[in-house]
Structure formats: structure tokens, C-alpha cells
Amino acid sequence: KRFTTIRGGGSTSSIDINTASTDATSILGSGEVTVRSGASSTGDSGAITVETGTSVQGKAGNIAVRAGNGKVSGGELFLVAGSSGENVGGNLQLLSGSSESRSSGTVSVTSAESAQDSSGAVSLSSGSATGRSGSVAITSGRSAVGSGDISVRVGESDNAAGSLRLGG
């Protein structure tokens, strides 16, 4: 099925897909929303595209994928590429947007601040393997004017700063 909004006088209308909320007296959780393309026994399964429209004069719309807040713990967010039984697994790429006249966008991976306890760790590693494990490369891009710096440093602390360890 295809859902299309009809253009009115200004912007097109919105499409909202959500399950019903529960109230404080309910012991049940709210329902799940699943978006999935169908399976295929011989060919490729269908792709799923989530994309905002192009804006000729203004700013293109944002896409927010956000897990909910919870009293016990916040929801987790998983980005997982597909596995393969006979070939290589799927790739996972995080790319910023390009620009024809200015700098490209920034890619930032940061754990959130914590007002009461430790902030979360950030881990960058390749997976274990029975053969050779994958390499991890941290590289600044090539430039005709001047390439970018690579900085590795330990954060400041009022008590005891962390250590910087390089091992081989």
C-alpha cells in the first residue's frame, strides 16, 4: 500500500503512525511498531528507505531515530547490518553530508553527560575472528591545502585524570 498526503495551500500534511499509549493504572506496555520489507526465497528482499525531501530554497528536514526515556533505564538503539550465510556481512557506514561550496558535515560519536555518576564509555574495535580480525584505521582526509589533525588526549579531572595507554 502507498500512503500519500494531498497538498493543500501550504506544506503537505503529516503522516503519524503510532500505537496507543497506556495510562498510569495499566500494567501493560504500549504496543510495538515494526517496519519491515518482505522476505524473498530466491531474489533480493526489498529495501527500506527513510528520507526527507529535498528543499530548493530552505533547509532539508531532519531525521531523528531516538529510543525512549525510562525510569529504570533508557531504551537502547541498535544499528546492525545484516549477516550472510555464504558471503560477507553487510556494511555499516556513517557518512556526513557533502557540500558543493562549504565544509561537509561533522560525524560525532559521544556518550552523554551524567550529572550523578560516570558517563558512558565509547568503544571502537573490530570483531574477533577465527582468521585475521579486522583493522581499525583512524585517518584524517587528504587535502590540497592542509590535512586535518588527529588528537588523542585524556580528559581533565578535579580528582585524578585518566591514563593514555598504547599497547601492541
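Remark: pairs (first residue in the range 17-38, assigned to a loop (DSSP other than H, G, I, E, B); second residue modelled with pLDDT under 75 and open to solvent by 100 Å² or more (accessible area, probe 1.4 Å); Cβ separation under 6 Å; 6+ apart in sequence or on different chains) = Thr22/Leu28; Ser30/Ser21.
Here is a yes/no grid of residues against (1) more than 23 Å from Gly89 (Cβ to Cβ); (2) exposed (fewer than 10 other Cβ atoms within 10 Å of the Cβ); (3) touching a strand residue (DSSP E or B) at 6+ places or on another chain (Cβ under 6 Å):
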residue: Gly120; (1), (2), (3): yes, no, no
residue: Ser133; (1), (2), (3): no, no, no
residue: Asp149; (1), (2), (3): yes, yes, no
residue: Gly168; (1), (2), (3): yes, yes, no
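Considering only the range 42-51, I want to know if a residue exists there that is modelled with pLDDT under 80, part of a loop (DSSP other than H, G, I, E, B), over 27 Å from Gly97 (Cα atoms) and among the small types (Gly, Ala, Ser). Checking the range 42-51: not a single residue is modelled with pLDDT under 80, part of a loop (DSSP other than H, G, I, E, B), over 27 Å from Gly97 (Cα atoms) and among the small types (Gly, Ala, Ser).
The values are calculated or read from the model by the stated rules, or taken from the named source; none is laboratory data. Source: prediction; values computed, not measured. Methodologically, a virtual Cβ is constructed for each residue, glycine included, from the backbone with ideal geometry; neighbour enumeration extends over all protein chains shown. In case anyone asks, the SASA skips ligands and DNA or RNA and just uses the protein heavy atoms, side chains included. Shrake-Rupley method; radii C 1.70, N 1.55, O 1.52, S 1.80 Å.
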